[in-house]
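Presented below is the structure to which this report refers.
The values are calculated or read from the model by the stated rules, or taken from the named source; none is laboratory data. The shown structure was predicted, so the numbers you read here are calculated from the model rather than taken from an experiment. Note that we place each Cβ from the backbone using ideal geometry, even for glycine, and neighbour counts take in every protein chain shown.
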Ligand code: ATP
């Protein structure tokens, strides 16, 4: 499937039509207050386009994991309020525990062109995550057209991302979806070179398929974070008490050999920040040392890349034309162990290359450090962007109408 063969919102005749838009309003909440509105802001272009073109705009999303039952603390009510402020117009919130209930039906029946209604959390319904037909049909009964703009949920075949598309006249990708696909797709399939990818995070096992797929695409693969130690072990280094996936050492050895065959450069840490034990609580003061990555003492563990590694990685980034980054370089939740992640974030912020952050922890790190606006693209989907980098087809996009 080519993602570019799918309809986008501009391919639909939306005037006067009821258009259901699946957004990703899965925002962090603290005591009912939205603490990061990025996902709401990212959804605005599609919503504004539909309002300006005379559609009746019905929005839906999941929030958190209510596991198929109403949970008041996971109501989308606060999103309706914030969205209304952002749009400068009323957003009617249809507070049905069944999502498509009497409130939703009445609100939709009363809509005029350009009006906006937000439905309740789709995961209040147990069928949602099972892509059950009855709920898909109910969602479809509210609308004529469907637009999927929830990149963060595009790797899931749920009623509100995939099922509903079978019960509408036509469906299409929204602007956010198209933007994500454009950046991630051109980075992976047609990158300006040198193309450098940086992988970090805790476990090799989580990113096996990403490593394999990127070995076919990238010029350089940089590996940091907890997953680096299994690669260092594959090179025959002792890694002490560092995070190690002993079942994946052979796999890492094979990847190192394959990279050499293909002429792909793999950069691993040359030095590490080590400590006696994992910080507990995670942000507590911690005594650390820096050693070469082949000299980690038996009773110590590597918890961040060292300064020489940070410089090595930063130089590679400086010479790149495209950089994709997923996963922190160390235990960045601890200020003493965040330096490697900060150094990489800074290198990305300073380069002229196209820089793409693959959601999740790395996106949070970049935003917290204030480098957000220096990146070409920060994906709104952690899991979805990883599956995209693995080369997998995303069901939420595949289900849209062809052009
Ligand atoms: P992203 O969210 O950007 O996709 P990720 O969530 O996939 O990244 P995870 O695999 O969840 O990344 O790993 C992130 C966690 O890895 C962080 O909580 C961090 O503390 C931890 N981590 C990083 N380096 C190490 C290390 N050397 N030892 C142990 N844990 C580490």
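Selection of the stretch 4-25 for residues being modelled with pLDDT of 95 or more and under 23 Å from the mean Cα position of the chain (by Cα) yields 7, 8, 9, 20, 21, 22, 23, 24, 25.
I need the full set of residues from the stretch 284-321 which are assigned to a loop (DSSP other than H, G, I, E, B) and surrounded by 14 or more Cβ atoms within 10 Å (Cβ to Cβ), in order please. Let's see the steps before the verdict.
Looking only at the stretch 284-321, we keep the residues that are assigned to a loop (DSSP other than H, G, I, E, B), and these are 284-288, 293-300, 306, 319-321.
Result: 286, 288, 293, 294, 296, 300, 306, 320, 321.
Whenever a residue of the stretch 225-237 is under 17 Å from residue 206 (Cβ atoms), its partners that are assigned to a loop (DSSP other than H, G, I, E, B) and more than 11 Å from the ligand (Cβ to nearest atom), lying with C-beta atoms within less than 6 angstrom and at least six residues away or across chains, give the pairs 228/268; 230/245; 231/268. Evaluate the stretch 15-22: report whether one residue or more is assigned to a loop (DSSP other than H, G, I, E, B), in contact (Cβ under 8 Å) with a residue 24 or more places away in the chain, touching a helix residue (DSSP H, G or I) at 6+ places or on another chain (Cβ under 8 Å) and buried (at least 22 other Cβ atoms within 10 Å of the Cβ). The answer is no, given that none of the residues of the stretch 15-22 is assigned to a loop (DSSP other than H, G, I, E, B), in contact (Cβ under 8 Å) with a residue 24 or more places away in the chain, touching a helix residue (DSSP H, G or I) at 6+ places or on another chain (Cβ under 8 Å) and buried (at least 22 other Cβ atoms within 10 Å of the Cβ).
Of all the criteria given as (1) more than 8 Å from the ligand (Cβ to nearest atom); (2) closer than 30 Å to residue 167 by Cβ; (3) at pLDDT below 95; (4) surrounded by 19 or more Cβ atoms within 10 Å (Cβ to Cβ), the one not satisfied by residue 392 is (4). Considering the stretch 195-212, the residues that are surrounded by fewer than 18 Cβ atoms within 10 Å (Cβ to Cβ) and more than 9 Å from the ligand (Cβ to nearest atom) include one that is farthest from residue 185 (Cα to Cα), namely 205.
Could you tell me whether residue 340 is over 13 Å from the mean Cα position of the chain (by Cα), within 12 Å of the ligand (Cβ to nearest atom) and crowded, with 24+ Cβ neighbours inside 10 Å?
On the way: over 13 Å from the mean Cα position of the chain (by Cα): yes; within 12 Å of the ligand (Cβ to nearest atom): yes; crowded, with 24+ Cβ neighbours inside 10 Å: yes.
For residue 340, the condition - over 13 Å from the mean Cα position of the chain (by Cα), within 12 Å of the ligand (Cβ to nearest atom) and crowded, with 24+ Cβ neighbours inside 10 Å - is met.
Cβ-Cβ contacts under 7 Å between residues 6 or more apart (or on different chains), taken from a first residue in the stretch 98-121 that is on the phi > 0 side of the Ramachandran plot to a second residue that is part of a strand (DSSP E or B), are listed as 99/119.
Residue-by-condition table, conditions (1) under 22 Å from residue 139 (Cα atoms); (2) touching a residue at least 12 places away in the same chain (Cβ under 8 Å); (3) exposed (fewer than 14 other Cβ atoms within 10 Å of the Cβ):
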| residue | (1), (2), (3) |
| --- | --- |
| 26 | yes, yes, no |
| 33 | no, yes, yes |
| 37 | no, yes, no |
| 58 | yes, yes, no |
| 67 | yes, yes, yes |
| 76 | yes, yes, no |
| 80 | yes, yes, no |
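Scanning the stretch 125-152 for residues that are in contact with a helix residue (DSSP H, G or I) (Cβ under 8 Å, 6 or more places away or on another chain), surrounded by fewer than 24 Cβ atoms within 10 Å (Cβ to Cβ) and assigned to a helix (DSSP H, G or I) yields 129, 133, 135, 136, 137, 140, 141.
Can residue 324 be described as in a strand (DSSP E or B), buried (at least 19 other Cβ atoms within 10 Å of the Cβ) and in contact with a helix residue (DSSP H, G or I) (Cβ under 9 Å, 6 or more places away or on another chain)? Break it down into steps so the answer makes sense when it comes.
Values: in a strand (DSSP E or B): yes; buried (at least 19 other Cβ atoms within 10 Å of the Cβ): yes; in contact with a helix residue (DSSP H, G or I) (Cβ under 9 Å, 6 or more places away or on another chain): yes.
Yes; evaluated as a whole, the condition is true for this residue.
Residues checked against (1) more than 30 Å from residue 368 (Cβ to Cβ); (2) in a loop (DSSP other than H, G, I, E, B):
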{"residue": "63", "(1), (2)": "no, yes"}
{"residue": "73", "(1), (2)": "no, no"}
{"residue": "86", "(1), (2)": "no, no"}
{"residue": "96", "(1), (2)": "yes, yes"}
{"residue": "100", "(1), (2)": "yes, yes"}
{"residue": "107", "(1), (2)": "yes, no"}
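Can you work out which of the residues in the stretch 224-248 that are within 10 Å of the ligand (Cβ to nearest atom) and under 15 Å from residue 267 (Cβ atoms) is surrounded by the most Cβ atoms within 10 Å (Cβ to Cβ)? Filtering first and then ranking leaves 225. When the stretch 344-389 is limited to residues that are in contact (Cβ under 8 Å) with a residue 60 or more places away in the chain and more than 13 Å from the ligand (Cβ to nearest atom), the one that is nearest to residue 43 (Cα to Cα) turns out to be 377. Criterion applied to 384, 349, 363, 345 was being over 18 Å from the mean Cα position of the chain (by Cα) and part of a helix (DSSP H, G or I), and the one residue passing it is 349. Within the stretch 303-313, the set of residues being touching a helix residue (DSSP H, G or I) at 6+ places or on another chain (Cβ under 6 Å) and within 12 Å of the ligand (Cβ to nearest atom) comprises 303, 304, 305. Residue count for the stretch 156-194, restricted to those that are within 15 Å of the ligand (Cβ to nearest atom) and modelled with pLDDT of 95 or more: 0.
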